[in-house]
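Colleague: There's a structure below that I have some questions on.
Bear in mind that the values in this text are calculations on the coordinates, not laboratory data. As the structure is a prediction and not an experimental result, all values here were calculated from the model. Positions of Cβ are generated from backbone atoms using ideal geometry, with glycine treated the same way; all protein chains shown enter the neighbour counts.
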Amino acid sequence: MTGDTILTARRRLSSTSSTFSKLKNASLSFTSILTNFKRKFIKSTIDSKLSSQTQHSQSLQREEEFSINHSRFGSDIEFPVEEEREMIFHNKSPFSNTSIEDESSTSTLRSLQRNSVK
């Protein structure tokens with residue numbers, strides 16, 4: 001009886017030790033995966049912020065260049081950007097009072113007339 005008890009205790013200890021070893025390996029694996037993920041996440045965050053800052057500085061540089069070019073020609077030049085946006089929004093051509101659809105259909109009609117005359 002004492003021999004059987006000792007043998008059973010050794011088996012349980014061996015099984016427990018094996019289970020503990022597996023858990024320890026799994027934990028190390030998980031920690032490694034988590035560390036790699038954190039590293040990649042931090043790197044992508046930094047890359048994203050750098051890209052955003054680069055785009056912002058390029059935008060500022062373009063605005064500055066535009067301002068310099070605008071000041072060379074004088075301040076009497078007007079750029080009706082807002083008016084053009086409104087006209088495009090309302091489906092109007094910025095160059096005439098007709099709608100863009102009217103212009104395209106008119107040009108198609110003219111090309112058909114030219115072809116039929118030939």
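Colleague: Quick one: if you stick a label point 7 Å off each Cα along the C-beta vector at Thr35 and Leu50, how many nm between them?
Modeller: Computed distance between label sites Thr35 and Leu50 equals 2.3 nm.
Colleague: In addition: Extension gain Lys43-Gln61, at 0.36 nm per residue separation less the Cα-Cα distance, in nm? The partial results should precede the final answer.
Modeller: Values: separation 18, 0.36 × 18 = 6.48 nm, distance 2.66 nm.
In short, 3.8 nm is gained.
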